[in-house]
Amino acid sequence: MTMQDKQAWSGRFNEPVAELVKRYTASVEFDNRLALFDIQGSLAHAQMLAACNIISTQDLNDISRGLAQIENEIISGDFVWLLDLEDVHLNIEKRLTALVGDAGKRLHTGRSRNDQVATDVRLYLRHAIDELRGLIHALQTAIVDLASHHTHTIMPGFTHLQVAQPVSFAHHLMAYFEMLKRDAERIVDCRKRVNRLPLGAAALAGTSYPIKREYVAELLDFDGVCENSLDAVSDRDFAIEFTAAAALIMTHLSRLSEELILWMSPRFGFIDIADRFCTGSSIMPQKKNPDVPELVRGKTGRVNGHLVALLTLMKGQPLAYNKDNQEDKEPLIDTVDTLTQTLRIYADMMGGITVKQEAMRSAALQGYATATDLADYLVKKGLPFRDAHEAVALAVRFAEQRGCDLSDLKLEELQQFSLLIADDVYTVLTLEGSLASRNHIGGTAPQQVEAAIARARKYLQG
Ligand code: ARG
């Protein structure tokens, strides 16, 4: 074994690691995504070491210069990643030493890869959360923009996928605005727990050097330090929590996707999705498939899987760090990538939706969507609700036999079911009357949905 082949930790070993094992244990192929955060963390660590007189100012200058060059090499794609050097940390450290000599070897003073990697992952995730917040915001904006044109566009609201009561398309869309609002709250809240500094925990018990962890936290913009060294290096609950929040975002988008797919089917024909988000069939020339929403629905399974993977990764681990934790990166990074791409494409796609108001309206007219309004009408005239429900059920059966809507029945025909029914009934049987009557916060009346949109705009500006 030459000096060149030696691993950073190989001093106590009698033989080199087996080739297969080297491949099996290496993480550089995926953890190189953490490189810029690793450099950021190393720089702060070195600054602290110098401030505490653990390394010299000259060492700090050399380290800073070397790390700056490495950063450039990574950004320009010139950096050579070596599997032999196992992971992102050792690759960078080795290059640093090649560039600046002994100062590079001093960087790891008072630090372990255990607290280093935990720091890198937290810096990476914090950055991802900040980007994702912006992307959720952009999608919410696209939803509100579309909704603002459709407070008077009436469609059937469904329960059990059966026509239930009329709602406006805007009201339906704004339900997703609310979901995304909670999603944004969740990742912002998660950020508080992500944003704690593990460095200083060293391997597991802390370090004997006179370090200042709070100073490193300040340099890296952390809200504070992890207050127990064993916990700092071993737990990945922050990553699990984030992935759970991501799985919920994907789940919400999967539900919306399912609706877009149904609405675009000719059986519904409520919307059209711009061609640039669809593909054709290689055999059926007439096909235009909603591939993007279908893939969003599919990729939700993948993110949900990552959540289960991370939970399972954690559950059997004794304190403190175990190599198991190396497996946190692929699920986490893929979750961030999938969610980022999904949100980005979704905001664009919402802007490319064409609404077919006539089809929505005629679907709302087909399913006796105003039956509840007739029951409410009878209740307001004094009939107990259960009796009103019964009377309207009979009226619906009667209309169904005639193949017409409730509003097509003559007054005398309606009066067979209750003598409380008078001429004014026709205003409640219309779709517009039904919507307008649900005039309270959270209701589908155009006035209320306009107010909801105004609140949403204010939220988006704030
Ligand atoms: N690549 C490792 C990981 O991702 C870095 C920490 C290694 N620590 C160790 N004691 N082997 O977890």
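The values are calculated or read from the model by the stated rules, or taken from the named source; none is laboratory data. Source: prediction; values computed, not measured. Using ideal geometry, Cβ is built from the backbone for each residue, glycine included, and neighbour counts are taken over all protein chains shown. Accessible surface is based on the protein model in full, side chains and every heavy atom, while ligands, DNA and RNA are left aside. Shrake-Rupley method; radii C 1.70, N 1.55, O 1.52, S 1.80 Å.
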**Prompt:** For the chain, what is the relative contact order in percent, using Cα pairs closer than 8 Å and at least 6 residues apart in sequence?
**Reply:** 16 percent
**Request:** Taking every Cα atom in segment 247-328, find the radius of gyration and the maximum pairwise distance Dmax, and write them in Å.
**Result:** 18.9, 60
**Request:** In whole Å, largest first, what are the principal axis extents of the Cα atoms in segment 1-118?
**Result:** 42, 33, 26
**Asked** Based on Cβ point charges of +1 for Lys and Arg and -1 for Asp and Glu, what charge dipole magnitude is obtained for segment 40-111 about its Cα centre, in debye rounded to the nearest 20?
**Response** 240 debye
**Fill in**
One computes Rg over Rh for segment 54-140 from alpha-carbon atoms, with the Kirkwood Rh, and obtains 1.08
**Message:** Once the convex hull of the alpha carbons of segment 386-430 is built, what does its volume come to per residue, in cubic angstrom?
**Reply:** 67 Å³
**Request:** Over segment 32-123, with every protein chain in place, what whole percent of the accessible area is carbon and sulfur at 1.4 Å, could you tell me?
**Result:** 47 percent
**Asked** Shape call for segment 266-419 from the C-alpha gyration tensor, a ≥ b ≥ c root eigenvalues: rounded (a/c under 1.5), prolate (a/b greater than b/c) or oblate?
**Response** oblate
**Prompt:** When the accessible area of segment 173-331 is split by element with a 1.4 Å probe, what percent falls to carbon and sulfur?
**Reply:** 53 percent
**Prompt:** Tell me, what are the semi-axes, in whole angstrom and largest first, of the equivalent ellipsoid of segment 280-338 as set by the roots of 5 times the Cα gyration tensor eigenvalues?
**Reply:** 38, 9, 8
**Complete:** Probe 1.4 Å, heavy atoms of protein chains only: per residue, the accessible area of segment 170-258 in Å² is 42 Å²
**Complete:** The answer for segment 88-147, accessible area per residue at 1.4 Å probe in Å², is 30 Å²
**Message:** Using only the alpha-carbon atoms, how far is helix 35-51 inclined from the longest principal axis of the chain? Give it as 0 to 90 degrees, nearest 10.
**Reply:** 50 degrees
**Request:** State to the nearest 20 debye the size of the charge dipole of segment 191-270 about its Cα centre, where the only charges are +1 on K and R beta carbons and -1 on D and E beta carbons.
**Result:** 180 debye
**Fill in**
Calculated from DSSP helices alone, with each H run of at least 4 adding -39500 (n - 2.57) and the total divided by the residues of the chain, [θ]222 nm to the nearest 500 comes to -20000 deg cm²/dmol
**Prompt:** Per 10 Å bin, what is the whole-percent P(r) computed from every C-alpha pair distance within segment 114-226?
**Reply:** 13, 28, 20, 15, 12, 9, 3
**Message:** Using a probe radius of 1.4 Å on heavy atoms only, what accessible surface per residue do you get for segment 320-434? Whole Å² is fine.
**Reply:** 49 Å²
**Asked** So, with +1 on the Cβ of K and R and -1 on the Cβ of D and E, and no other charges, what is the size of the charge dipole of the chain about its Cα centre, to the nearest 20 debye?
**Response** 220 debye
**Message:** Let's test this: bin the Cα-Cα distances of the chain at 20 Å from zero up to the farthest pair and state each bin's percent.
**Reply:** 20, 38, 25, 13, 3, 0
**Message:** Starting from the Kirkwood Rh over alpha-carbon pairs, what translational D in µm² s⁻¹ does segment 65-111 have by Stokes-Einstein at 4 °C and 1.567 mPa s?
**Reply:** 119 µm²/s
**Request:** Could you grab the relative contact order for segment 20-160? Cα pairs under 8 Å, six or more apart, rounded to a whole percent.
**Result:** 31 percent
**Asked** In whole Å, how far is the Cα centre of segment 71-109 from that of segment 166-225?
**Response** 28 Å
**Asked** Where the eigenvalues come from the Cα gyration tensor of segment 400-462, what are the semi-axes √(5λ) of the equivalent ellipsoid, largest first, in whole Å?
**Response** 37, 12, 7
